[in-house]
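I have placed the structure first, in the form of structure tokens, so that the comments after it can refer back to it.
The values are calculated or read from the model by the stated rules, or taken from the named source; none is laboratory data. Because the structure is predicted, anything quoted here is derived from the model rather than measured. Glycine also receives a Cβ, built like all others from the backbone with ideal geometry; neighbour counts cover every protein chain displayed.
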């Protein structure tokens, strides 16, 4: 018998935690939960979970710190952050720490389940990636080990950043639209009305790592009205 997918919910509001648990059990997932930051971190580091739903505003230890500590030990653990803090700075902070997605409260159950499925799908397809990506003479990305270099500077990447680069490289002869990246890399179905700045934030993060001048990129460029394109020369 195929094992059930295990999800850890770290959420201090009892009503939300119970509601999430009921929804996930209904959809066939196995669920564990924690009501504060220290308990959530202990379960995350000692248990085995296919995905962690992580609130940010938690007693004892906030979600940012939990995400950071998880990432220091396991760069592949899928994490979705849940929060009422939805400013660009908050989103950038969460994604910079390695969260796979960032869902603002309040959210619909249907959208939550969809985005859980998308992150799980990407994690399973995930990291069967073996080649290096080279950009110009001085940039190299090791897609298997999620690291690289720009000149003499060492770089590290999240799995999702590497997936974005791989998709852009596979389609480097043309610009790739934001919607296409959401569909092909994040796994979101088209035309579902999902509003997210995730693509733009990931591109900005990649430019800061890959470009000597992120404001005037030479490799990860914007094609006005069409999307993004990766120039390998």
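Test each condition in (1) surrounded by 15 or more Cβ atoms within 10 Å (Cβ to Cβ); (2) at pLDDT 85 or above; (3) more than 28 Å from residue 4 (Cβ to Cβ) for residue 120 and report the one that comes out false.
For residue 120, the failing item is (3).
Confirm whether residue 60 is in contact with a strand residue (DSSP E or B) (Cβ under 7 Å, 6 or more places away or on another chain) and more than 16 Å from residue 107 (Cα to Cα).
Working: in contact with a strand residue (DSSP E or B) (Cβ under 7 Å, 6 or more places away or on another chain): no; more than 16 Å from residue 107 (Cα to Cα): yes.
Answer is no for this residue.
Can you go through 60, 98 and tell me which one is at positive phi, surrounded by 12 or more Cβ atoms within 10 Å (Cβ to Cβ), assigned to a loop (DSSP other than H, G, I, E, B) and at pLDDT below 80? It would help to see each step written out before you state the result.
Details: 60 fails: at pLDDT below 80.
Just a single option satisfies the conditions, and that option is 98.
Quick grid of which residues meet (1) in the same structural domain as residue 106 (by TED's automatic domain parsing); (2) surrounded by 14 or more Cβ atoms within 10 Å (Cβ to Cβ); (3) out of contact with any strand residue (DSSP E or B) (no Cβ under 8 Å at 6 or more places or on another chain); (4) not in a helix (DSSP H, G or I):
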residue	(1), (2), (3), (4)
22	yes, no, yes, no
33	yes, yes, no, yes
48	yes, no, no, yes
66	yes, yes, no, no
80	yes, yes, no, yes
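Confirm whether residue 38 is loosely packed, with under 14 Cβ neighbours inside 10 Å, in contact with a helix residue (DSSP H, G or I) (Cβ under 8 Å, 6 or more places away or on another chain) and farther than 19 Å from residue 102 by Cα. Reasoning before the result, please.
Values: loosely packed, with under 14 Cβ neighbours inside 10 Å: yes; in contact with a helix residue (DSSP H, G or I) (Cβ under 8 Å, 6 or more places away or on another chain): no; farther than 19 Å from residue 102 by Cα: yes.
The answer is no for residue 38.
May I ask you to list pairs of residues, at least six apart or on different chains, whose Cβ atoms are under 7 Å apart, with the first in the stretch 55-73 being under 12 Å from residue 96 (Cα atoms) and the second being part of a loop (DSSP other than H, G, I, E, B)?
64/56; 64/97; 67/97; 67/98; 67/99; 68/97; 71/97; 71/98
How many of the residues in the stretch 204-233 are in contact with a strand residue (DSSP E or B) (Cβ under 7 Å, 6 or more places away or on another chain), without any contact (Cβ under 8 Å) to a residue 40 or more places away in the chain and farther than 21 Å from residue 138 by Cβ?
Qualifying residue count, the stretch 204-233: 1.
Go through (1) at positive phi; (2) modelled with pLDDT of 90 or more one by one and return the number of the condition residue 187 breaks.
(2)
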